[in-house]
Amino acid sequence: MMKVVVIGATQIGVEIARMLSNENHEVTVLDESDDRLQNVRDQLEVFTHQGYGTSVSDLRIAGVNRADYVIAVTEDEQNNIIACMLTKRMNEQVRTIACLFSAEMFEQAPFAEWDIDYVVHPEESTANQILRLMRRAGATDITPFVDGQVMLIGLRLTSKELINQTVRQMVMSNAHATFRLVVIQRNTQTLIPQADTILKRNDHLFFLAKSEDVPAVIKLTGNTEQQVQDIMILGNSDVSRNVARVLNNLYVGGGRDRRKHIKMIEPDRNRAEKISNELEHVLIIHAPLYNIDMLTSEGLDSVDVLVAVTDDAELNLMTSLLAAHYGVKKTIAGVSQSSYIPLTNAVELDSMVNANYATSRDIMNFIRSQGQNSIAAVPDVDAEILELVAGERASITKGPLRSLILPRGMVIGYVQNGDKAEVATANTQIHEGDQVVLFVLPHLVEEARYYFEGIR
């Protein structure tokens, strides 16, 4: 069990605290506002302390001197930096994580000298998630595990051949690829699939697969690995600028694919001129974002990907729906509130990204990379991703997975031994010491621990 202090009861802070506390790690949330802390207490079973991350006495009361991780995610990046620096002087062994909001600070600051082990930048995290989605244009969601060896990929079921088949039939008819169906989102219901689960049209399926098997998984669901040539980005945010910058350098400026055409619509003239001078391979168009006629005249109906990540979530959603109506292959909408995310299933939107979720994912991926048991989440499904280690007498080691009887609502995703990870199949045998990632419904988290550690 880890001891973690989260400084800042922000949306990111609450999400991180939830992920960690669900696996019974000892979590303390430190914030200057008792109202925000009360919101935390209403949702989570964690410790709280009202105080300041820049106060040595408050940090000591919160327990940073005995913490494994201190995660500073207040809305003030300078306070986050100071909190991490003070923490290291109180506990040399602790790992510190700071959330920054200034792109210049994120790119240039000497974090090692400041005793900060890892930094996150919400706009950068969101831009990276968008780029992963663009690389797999048929996917609705992509999350890498184990340095990209294994991918969690979300896809909508459109294949007529699979509709009304069971999961067992799908696996048997696609034996050429190794994959694991781990979650089904059906309208607003989250299912952990069993062998006899019947697949339905427009199910939102989440698979684990090795990177080389991802194209086969995309194909079997009736989707395609679409070639992305023409991209339109709606500006007016730091995220849109970051996406345009990376595309400029990676796809065109770096010479990897000069056939791609990238347009960015920017409503602010000064900002448009500045970005145009910075990004020579991106066409910057100064125009209002709310003018649908202008968007169509600029080729909205002919682009392969629309990235709508303005500061207006409603505009992003409506423009994405319009683009889908015009037949755009891939739409990615940025939303500021996580409550919008279930709309991806309700109205069949393609992909949504949320800065808080993207940042939380990056933080959890860092913690996972340090060899600690951790927990993550998929933003639009009500299921947990647990990483557990098989104990000496754990029930999960008694035979291959096909011979074990696990509760409905729990499925093994992949098994990691050292630096090597393998997607789980019916023949997988879990051994003592293996790190295992599994997907469970929230009420089965404790049950999952029992199967791996023999502890209720």
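No value in this document is a laboratory result; all are computed from the given coordinates. Here the structure is a predicted model, which is why all the values come from computation and not from measurement. Virtual Cβ from ideal backbone geometry, glycine too; neighbours counted across all protein chains shown.
Peptides 288-297, 110-119, 406-415, ordered by how many other C-beta atoms sit within 10 Å of their residues on average, highest first, read 406-415, 110-119, 288-297. Measuring against 18 Å, Cα to Cα, the residue pairs K160/K219; K263/K330; K200/K330 contain K200/K330 as the ones spanning a longer distance. With only Cα atoms counted, region 3-120 has Rg and Dmax values of 13.0, 39 Å.
If you wrap a convex hull around the alpha carbons of region 1-61, what volume per residue comes out, as a whole number of Å³?
Working: hull volume 4.1 nm³, N = 61.
Spread over its residues, the Cα hull of region 1-61 gives 66 Å³ apiece.
When S159, S403, S237 are arranged by Cβ crowding within 10 Å, least crowded first, meaning fewest neighbours, the order is S403, S159, S237.
Sum -39500 (n - 2.57) across every DSSP H segment of at least 4 residues in the chain, then divide by the residue count to get the 222 nm mean residue ellipticity, nearest 500.
Details: 15 runs with 142 residues, N = 456.
For the chain, the value works out to -9000 deg cm²/dmol.
Placing unit charges on C-beta atoms (Lys and Arg positive, Asp and Glu negative, everything else neutral), compute the dipole magnitude of region 3-120 about its Cα centre in debye, rounded to 20. Don't skip to the end; give the middle numbers.
Values: 9 positive and 20 negative charges, 84 e Å.
Using only the charged Cβ atoms, the result is roughly 400 debye.
Farthest towards the positive end of the charge dipole of the chain, among the residues P144, A313, L208, is the Cα of L208, using unit charges on the Cβ of Lys, Arg, Asp and Glu. Among V29, V167, V423, the ranking by other beta carbons within 10 Å of each residue's beta carbon, starting with the fewest, stands as V167, V423, V29.
The structure-derived value of Rg and Dmax of the Cα atoms in Å appears in the list (1) 25.1, 79; (2) 22.6, 66; (3) 21.8, 72 under the label (2). Estimated from the Cβ-Cβ distance and a Förster radius of 22 angstrom, the FRET efficiency linking F101 and N270 is about 0.55.
Multiplying the residue separation of M318 and V389 by 0.36 nm and subtracting their alpha-carbon distance yields 21.1 nm. Here the spin labels are modelled as points 7 Å beyond Cα on the Cα-Cβ line, and at N187 and I285 they lie 3.9 nm apart. Across region 383-453 the C-alpha pair distances fall into 10 Å bins from zero in the proportions 22, 61, 17, 0 percent. Scattering from region 89-211 was approximated by placing one identical point on each alpha carbon and applying the Debye formula without solvent; log10 I(q)/I(0) at 0.13, 0.15, 0.16, 0.23 1/Å stands at -0.69, -0.80, -0.86, -1.35. How much net charge surrounds R95 when only the other residues with a Cβ under 9 Å from the Cβ of R95 are counted, with Lys and Arg +1 and Asp and Glu -1? Result for the local shell: -2. Looking at the chain alone, DSSP beta bridges between its own residues are antiparallel in about 50 percent of cases. Our summary gives the chain a relative contact order of 13 percent, counting only alpha carbon pairs under 8 angstrom and 6 or more residues apart. With neighbours defined as other Cβ atoms within 10 Å of a residue's Cβ, the residues H49, H431 order from fewest to most as H431, H49. Centre-to-centre separation between the Cα atoms of region 161-181 and those of region 18-69: 44 Å. Net length available on complete extension from D196 to S173 is 6.8 nm, with 0.36 nm assigned per residue and the Cα-Cα distance removed. Mean sequence separation of contacting Cα pairs (under 8 Å, at least six apart), scaled by the length of region 3-120, corresponds to a relative contact order of 23 percent.
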